[in-house]
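Shown next, in C-alpha cells, is the structure this report addresses.
The values are calculated or read from the model by the stated rules, or taken from the named source; none is laboratory data. Remember, it's a predicted structure, so these values are computed and weren't measured experimentally. Note: ideal-geometry Cβ built from the backbone for every residue, glycine included; neighbour counts use all protein chains shown. All accessible areas refer to the heavy atoms of the entire protein, side chains included, with ligands and DNA or RNA removed. Shrake-Rupley method; radii C 1.70, N 1.55, O 1.52, S 1.80 Å.
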Amino acid sequence: MRVLVVEDEELLAAGLREGLEAEGFAVDTAATGTDGLWLAREQPYAAIVLDVMLPGIDGYRLCATLRAEGVWTPVLMLTARDAERDEVHGLDAGADDYLAKPFSYAVLVARLRALLRRDTHERPAQLGAGDLVLDPAAKTVRRGGTEIGLTAREFALLELMLRRRGETLSKHEILGQVWDFAFEGDPNIVEVYVRRLRNKVDRPFGRAAIETVRGSGYRLDEHGG
Ligand code: CA
C-alpha cells in the first residue's frame, strides 16, 4: 500500500515516513502543497496524509482541487490542535478524516487503516484466499491454524497480492506499490521476495498459491493454492 505524506515540517515528515514504513506502507513525501498536488495527480496512492498549513498550495486547496478533478484518494488531514474550525473546513474541502496535532502514531495508523477499508475498492478487515488469511490491523498471517511470521516487506507484498487476488501483477506494479516511488535498486528484488514468501506461505504447506505468470508477473490463486 503506497501512501503520500504532504508535510513541510521536516522532522515530522521523516517521523511519519519511518513510522508508516515500519507498518509496511511504501511512503512518498512532499514538502510543499505544489509538489504534493503533482504527486497525488500522477501516482495511484492508497491514501494521502495531508498537513493543512503548507508552503505553496495549502492542504484545503490541495484537497478541494483533487476532488474537483475527480481524484477520490482517501485523505487524512492533519490539523492544528483544538482547531475545530479547521476540522469543519477540512471536511468541506473533501477530506475523509482529520487528526489534530500532536497525535500518536498508533492513532494515525489506525485511522489510516480505517480509511483504506472505506475506499471504493473492496477492503475487508481481513483478507483471505482459501485458508490463507491476513489481518492488516493485527499484522498477522495464518495458513489454516498456523501463524506465519513475515517481515514488514513480505507482509506488504502478501497484502497487495491478497487485495488483488486472481489478478496478474507485473513486477513493475509490485515495485511501485510495495517499494517506494523513488526505488532505484534492482527490480529483481521482487523475485527474491516472491521466493521468500513462497517459502513461508506455500512450500511448508504443500501449496502453490503464488503463481508465476510467464512473461507477465505474479498472481495469487483466489483459492489459496
Ligand atoms: Ca505545516
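The strands (runs of 3 or more DSSP E) falling completely within the stretch 12-118 that include 1 or more residues that are at pLDDT 95 or above map to 26-30, 47-51. Residues that are open to solvent by less than 60 Å² (accessible area, probe 1.4 Å) and of a type in the set (A, V, I, L, M) within the stretch 1-11 comprise Met1, Val3, Leu4, Val5, Val6, listed in sequence order.
For the stretch 149-156, the criterion of being open to solvent by 70 Å² or more (accessible area, probe 1.4 Å) and aromatic (Phe, Trp, Tyr) is satisfied by no residue at all. Would you check which residues across the stretch 196-216 are out of contact with any strand residue (DSSP E or B) (no Cβ under 9 Å at 6 or more places or on another chain) and under 17 Å from Ser170 (Cα atoms) and list them? Answer for the stretch 196-216, where residues must be out of contact with any strand residue (DSSP E or B) (no Cβ under 9 Å at 6 or more places or on another chain) and under 17 Å from Ser170 (Cα atoms): Arg214, Gly215. Filtering the stretch 12-56 to residues that are surrounded by 15 or more Cβ atoms within 10 Å (Cβ to Cβ), among the aliphatic types (A, V, I, L, M) and more than 16 Å from the ligand (Cβ to nearest atom) leaves Leu20, Ala26, Val27, Leu39, Ala40, Ala46, Ala47. If you take the residues of the stretch 174-209 that are over 16 Å from Ala152 (Cα atoms) and in contact with an Asp or Glu (Cβ under 6 Å, 6 or more places away or on another chain), which of them is surrounded by the most Cβ atoms within 10 Å (Cβ to Cβ)? Here the residue is Ala209. Residue pairs whose Cβ atoms lie under 6 Å apart, sitting 6 or more positions apart in sequence or on different chains, and linking a residue in the stretch 12-40 that is assigned by TED's automatic domain parsing to the domain that holds Leu54 to a partner that is within 13 Å of the ligand (Cβ to nearest atom) and part of a helix (DSSP H, G or I), are Thr29/Ala13; Ala30/Gly36; Gly33/Leu62; Gly36/Leu62; Leu37/Leu62.
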